[in-house]
Amino acid sequence: MDTTHLTKFYKKKHTDKIEALYLAGVISKKEKETLLNRTLELDSETGNHLIENYIGNYSMPLGVAMNYVIDAEEMVVPMAIEEPSVIAASSFAAKIIGSAGGFNTEVTQRRMIGQVTLKNIANFEEASRKIETAKQDILSRANEAYPSIVKRGGGARDLEVRILKDDSDSGIPTFLSVHIHIDTQEAMGANIVNTMMEGISPYIEELTGGTALLRILTNYATECLATATCVIPTNKLKTATFSGEEVRDRIIEATQVATIDPYRAVTHNKGIMNGVDAVVLASGNDWRAIEAGVHAYASRSGQYRSLTTWQKNDTGDLVGELTLPLPVGTVGGAISIHPGAQLAHSIMNHPNAHTLERIIVSVGLAQNFAAVRALVTEGIQTGHMGLHARSLAISAGAKGDHVQQVADILKHSKHKNLQRAKNILLNLLEEFDK
Ligand code: NDP
């Protein structure tokens, strides 16, 4: 990638942005033409096959975040999101972090978890023992239910038995849950896992004498974790009103608040998901699955907490860390058929699933840094409303150059609302007619 073409990317015109991505080697000539001709559309035949009662496409803006350095690799990251300021904040944070060495990431092995949950078990200890004794047999039967994943190098790897007992007086009976850990290779694996769980459940019923109630993967993918860290010296943190040390300490304190207060933690983590969801969506992955798993992971201590930690190291630098369950895939689902997802994978240079996890967790950490830094310094509204002004201008009916003109006046107005945007536009149009 030749990043010289990407300097001051945000200042370029729409067509020049696309040309710059082409010249930098981020997109191919064909992809450039697709973007310029605005033909990045899901065709109706594919849409009709993808979902039921298909009536059309619902568009979402696709942008790129700049300045990412992930494991010493420069990256442009595609993001599908409708919220103003997210991509600007992402690129801003990535620039600061990139100038300090970038993100370092680690990933665990990728194992999805399938559950067969049983009711009507007479003796839980005995049923558990029988399942554990038959472990190899159960794993083989799971693999027989989906042989192609075994041929691809994956398959069922491990088994765990859990007795689900509610200690309160809720009247809920005890259930037995059999977990199978599955290597789904490059796929997120929901369908692979679900097929395996349905395949093994009759045998598990036979072994335990119980009745299989549920046979599906869990989206709480605790065996598929990705971690990003970054180290930011204080000289990169100072603002017009705060020293670098003050900004560092305020970021640490703000994260402490999000660690102890769920009301703050939810918003803190929403900021992380602004980045995570945008890449998950752009890459054609199942963002509901990621959302559900991430928020469960935030509650793993028994209380919903901040997903990030920000601390000070021995030399006084700010050190950030984020770990997320990220069962994303590079094949399967809509990924191989959605033109937007294909473009997104191409922009990221066709990462494998592990690399995609590394990219997404880094974006989450950058997004959190940007949001918390803004919150504890100038406040979130300065940057946010500046960009939000453009959305208001569009909602007020502004077109072409008028969008920026209305937004510029709105930015300096006391009341930044739709009515004000409409009045500004009216004034501009009247001026124009004179
Ligand atoms: P698919 O059902 O599309 O299965 C993966 C496909 O990718 C298989 O056809 C497989 O081929 C193919 N493939 C090609 N190369 C590879 C490779 N290197 N590694 C692995 N597979 C490869 O997708 P998933 O099983 O990943 O399921 C994801 C979908 O399931 C998403 O659309 C999701 O929304 C949905 N879903 C999610 C649920 C949840 O999260 N709770 C529940 C149900 C569905 P082959 O078969 O030949 O091996």
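The values are calculated or read from the model by the stated rules, or taken from the named source; none is laboratory data. Source: prediction; values computed, not measured. Methodologically, a virtual Cβ is constructed for each residue, glycine included, from the backbone with ideal geometry; neighbour enumeration extends over all protein chains shown. All accessible areas refer to the heavy atoms of the entire protein, side chains included, with ligands and DNA or RNA removed. Shrake-Rupley method; radii C 1.70, N 1.55, O 1.52, S 1.80 Å.
Things worth noting here:
- Of all residues making up region 305-315, the number that are open to solvent by less than 20 Å² (accessible area, probe 1.4 Å) and of a type in the set (Val, Ile, Thr): 1
- Residues that are farther than 14 Å from Gly114 by Cα and in contact (Cβ under 8 Å) with a residue 60 or more places away in the chain within region 156-206 comprise Gln185, Glu186, Ala187, Tyr203, Glu205, listed in sequence order.
- Meets criteria (more than 16 Å from the ligand (Cβ to nearest atom) and modelled with pLDDT under 95) for Leu418: yes
- No other residue among Glu74, Glu83 is part of a strand (DSSP E or B), closer than 24 Å to Ile335 by Cα and either within 20 Å of the chain's Cα centre (by Cα) or among the hydroxyl-bearing types (Ser, Thr, Tyr) (or both) apart from Glu74.
- Leu318 closer than 16 Å to Ile360 by Cβ, buried (at least 23 other Cβ atoms within 10 Å of the Cβ) and touching a Leu at 6+ places or on another chain (Cβ under 7 Å): no
- Annotation: Gln404 fulfils all but one of (1) open to solvent by 70 Å² or more (accessible area, probe 1.4 Å); (2) over 24 Å from Asn274 (Cα atoms); (3) modelled with pLDDT of 90 or more; (4) within 34 Å of the chain's Cα centre (by Cα); the unmet one is (3).
- Take the conditions (1) under 30 Å from Ala407 (Cα atoms); (2) surrounded by fewer than 21 Cβ atoms within 10 Å (Cβ to Cβ); Arg373 misses just one of them, which is (2).
- One residue stands out among those in region 173-194 that are near the ligand (Cβ under 8 Å from one of its atoms) and open to solvent by 50 Å² or more (accessible area, probe 1.4 Å): the one that is nearest to Arg141 (Cα to Cα), which is Asn191.
- Count of residues meeting criterion [out of contact with any helix residue (DSSP H, G or I) (no Cβ under 7 Å at 6 or more places or on another chain), away from the ligand (no atom under 16 Å from the Cβ) and among the hydroxyl-bearing types (Ser, Thr, Tyr)] in region 301-339: 3
- Qualifying residue in region 321-338 (condition: among the charged types (D, E, K, R) and surrounded by fewer than 24 Cβ atoms within 10 Å (Cβ to Cβ)): yes
- Residues satisfying the stated conditions in region 249-262, i.e. open to solvent by less than 20 Å² (accessible area, probe 1.4 Å) and either of a type in the set (Val, Ile, Thr) or farther than 24 Å from Tyr304 by Cα (or both): Ile251, Thr255
- Residue in region 340-350 that is most open to solvent (accessible area, probe 1.4 Å), counting only those that are more than 16 Å from the ligand (Cβ to nearest atom) and not β-branched (Val, Ile, Thr): Asn349
- Among the residues making up region 108-145, those that are crowded, with 16+ Cβ neighbours inside 10 Å, of a type in the set (A, V, I, L, M) and away from the ligand (no atom under 16 Å from the Cβ) are Leu118, Ile121, Ala127, Ile131, Ala134, Ile138, Leu139.
- Those residues of region 146-172 which are part of a strand (DSSP E or B) and either out of contact with any His (no Cβ under 9 Å at 6 or more places or on another chain) or within 16 Å of the ligand (Cβ to nearest atom) (or both), in sequence order: Gly155, Ala156, Arg157, Ile163, Leu164
- Members of region 260-287 found to be within 16 Å of the ligand (Cβ to nearest atom) and more than 10 Å from the chain's Cα centre (by Cα), listed by number: Gly284
- For region 264-295, filtered to residues that are in contact with a Ser or Thr (Cβ under 9 Å, 6 or more places away or on another chain), touching a residue at least 60 places away in the same chain (Cβ under 8 Å) and of a type in the set (Gly, Ala, Ser), the residue that is surrounded by the fewest Cβ atoms within 10 Å (Cβ to Cβ) is Gly293.
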